[in-house]
Amino acid sequence: MKFGVLFLALLAIFPLGLLLRSTPVLRKPFWIGFGALPFFAAAIPLFDVGLLSWAGRWVGFVYGLQISIVDILAASALFAMPRGKLPLWCKLPFLFYILAAALSLLQAAEPVAASFGVLQFARIFLVMVVVARASTSDPEVPLLMLKGMAIGIAAHFVAVLYQRFQLHLPQTMGLFIHQNTLGMAAHFVLFPHLALLLAGYRNVRYLVTTVVATIVVVVFTASRAAVGFSVIGLGTLFVTQALAGLTQRKMAVGFAALASLLIVAPLAISTFSNRFELNPLGESQYDERAAFNRAASFILDDHPLGVGINHYVHVARDLGYSERAGVIGFEGNRNNIVHNAYWLTAAEAGYPGVLAFCVMLIVPLFVAWRTGWRMRHTLEGNLLLGFGVTLLVVYLHSFYEWVIFAREIQYLLTMTMGMVFGIALRLRAPAAEGNPLPMKAMRLNAQ
């Protein structure tokens, strides 16, 4: 059945692309749905169709050669777009990382398992390119995708309330399979919407509702990293916006945020108390994150070119690195991935891979901050600053989690990268040609 579904989905790519091109009324629901889909990845049957599945046989961040609904829609959108190219500087860092991942197949004990990761990186590269091109040609695409992400977080908000108050779970995961995934996903919603709110974007009710719901979702994950880095991101965004110039809107939102903090603080304290009462930390006796990091460092010392993408658990567990690093000998612990995206990349793809990975992450971060600050008196400049805070927080959070490699987070990450590149390219074009700013980038009137 799944191959029949995949065959029909592949056949639908070109006709769907033609339909999108010939029917402008579909543009808004398409991009809203595209932005929302990653939030429902674990809840939609047949979201992924596996060409080859090693589920139950292999432990890694991906279990097979998979094609998802997002990939099909991205390919269709590519056919629907007007002609155009994304500059090489936007694509080259990502392509270098894919190349480094592909070269790691030479070191892999199971090249097929490593190819699962390489295909996933190629799929999300397509998403980044499609979103970047769409955001360059259509200024509404980023705003539509953000509305889709807001719909996604709203669904998780409902699920989180049910899990907390009906199921009495100490840590809620929403529609995902783990609270850490939800905590990371929330970053992609919180900061861009708050940036729009501070910038004076219309539809205040939508923005306030989204920001408040996202903060509640983060608190109920009871994830120390998610809550802590969200607070850091909020502080960074408020300081950045203050340096860009204070307005009545920004001061009002700032005072409202302080008042909200006083309200949310008892809720956060109660949530963490429930978590630690049921599951005491015990890190003074055993720090699992540190043990995982040691195992990854031992692997890198012995294999400077890596052991193959998607191979950390196999090598650490079966070749004695987890034992040597002091990871507890229970199956659940030994089958876990190192909780650090950079150590994971270094162990699997070696020094070339982690260097390419960092460059791939830094380029859109630099573009978002540089262009956003230059255009800080425009709506889209402020949105770029929001995306810059998002990427910064996600990268910092990834020192404590590996979930940046989970499919849901990778889609959200590359969508954000694509929006950054698309907006920046569109803002640069009028300046380079000496033309006035596009309508969506006109100066703000917020007081």
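Since every read-out is calculated from the coordinates, none of them should be taken as a lab result. From a predicted model like this one, the values you see are computed outputs, not experimental measurements. No Cβ is skipped: glycine too gets one built from the backbone with ideal geometry, and neighbour counts run over all protein chains shown.
ALA290 to ARG370: FRET efficiency via 1/(1 + (r/R0)^6), r the Cβ-Cβ distance, R0 45 Å, to the nearest 0.05?
Efficiency for this residue pair is about 0.80.
Can you tell me what the convex hull of the Cα atoms of the chain projects to on average, as an area in nm²?
About 21.8 nm², averaged over all directions.
Taking the beta-carbon count within 10 Å as an exposure proxy, list HIS314, HIS377 from fewest neighbours to most.
Listing HIS314, HIS377 from fewest to most nearby Cβ atoms yields HIS377, HIS314.
Once all Cα-Cα distances of the range 279-385 are split into 10 Å bins that start at 0, what whole-number percent is in each one?
15, 34, 20, 18, 12, 2
Determine the distance separating the Cα centre of the range 299-339 from the Cα centre of the range 9-42; give it in Å without decimals.
When both Cα centres are located, 40 Å separates them.
If you take the beta carbon distance between LEU78 and ASN333 as r and set R0 to 30 Å, what does 1/(1 + (r/R0)^6) give as a FRET efficiency, to the nearest 0.05?
It comes out at approximately 0.10.
Through the Karplus equation 6.51 cos²θ - 1.76 cosθ + 1.60, θ set to phi - 60°, convert the phi angles of the range 218-226 into ³J(HN,Hα) values in whole Hz; use x for Gly and Pro.
3J(HN,Hα) across the range 218-226, in whole Hz: 4, 4, 6, 5, 6, 8, 4, 5, 4.
Running a GNM on the chain with Cα contacts under 10 Å, which residue among ALA42, ALA74, ALA296 ends up with the highest mean-square fluctuation?
Greatest mean-square fluctuation among the candidates belongs to ALA42.
From the residues HIS156, HIS178, ALA199, which one has its Cα farthest along the dipole of the range 119-278 in the positive direction, the dipole being from +1 and -1 charges on Cβ of Lys/Arg and Asp/Glu about the Cα centre?
Selected residue: ALA199.
Could you order peptides 301-307, 135-141, 392-398 by the average number of other Cβ atoms within 10 Å of their residues, highest first?
Order by mean packing, descending: 392-398, 135-141, 301-307.
Quick query: amide H of LEU51 versus all other amide H atoms, modeled in the peptide plane; which residues come in under 5 Å with a sequence gap of 5 or more or a different chain?
Placed amide hydrogens put LEU65, GLN66, ILE67 under 5 Å from LEU51.
Let me know the shape class of the range 16-134, please: from the alpha-carbon gyration tensor, a ≥ b ≥ c as square roots of the eigenvalues, rounded when a/c is under 1.5, otherwise prolate if a/b is greater than b/c, or oblate.
Verdict is oblate for the range 16-134.
State the number of lysine pairs found in the chain whose Cα atoms come within less than 30 Å, restricting to pairs 8 or more positions apart or on distinct chains.
Qualifying lysine pairs in the chain: 13.
Which one, TYR411, TYR206, TYR97, has the greatest fluctuation when you compute a Gaussian network model over the chain with C-alpha springs under 10 angstrom?
Of the options given, TYR206 has the highest mean-square fluctuation.
For LEU19, LEU106, what ranking results if the residue with the fewest other Cβ atoms within 10 Å of its Cβ goes first?
Values: LEU19 15, LEU106 11.
The most exposed by this proxy come first: LEU106, LEU19.
With θ set to phi - 60° and the Karplus curve 6.51 cos²θ - 1.76 cosθ + 1.60, what are the ³J(HN,Hα) couplings of the range 362-374 in order, to the nearest whole Hz, using x for Gly and Pro?
6, 4, x, 4, 4, 4, 4, 6, 5, 5, x, 5, 4
HN-Hα J couplings of the range 163-175 from phi, Karplus 6.51/-1.76/1.60, θ = phi - 60°, integer Hz, Gly and Pro as x?
5, 7, 9, 9, 8, 6, 6, x, 10, 9, 10, x, 8
In debye to the nearest 20, how big a dipole does the chain give about its Cα centre with +1 on each Lys and Arg Cβ and -1 on each Asp and Glu Cβ?
Roughly 1640 debye for the chain.
Tell me the mean residue ellipticity at 222 nm calculated for the chain from its helices only (DSSP H runs of n ≥ 4, each -39500 (n - 2.57), averaged over every residue, nearest 500).
After summing the helix terms and dividing by the residues of the chain, the value is -24000 deg cm²/dmol.
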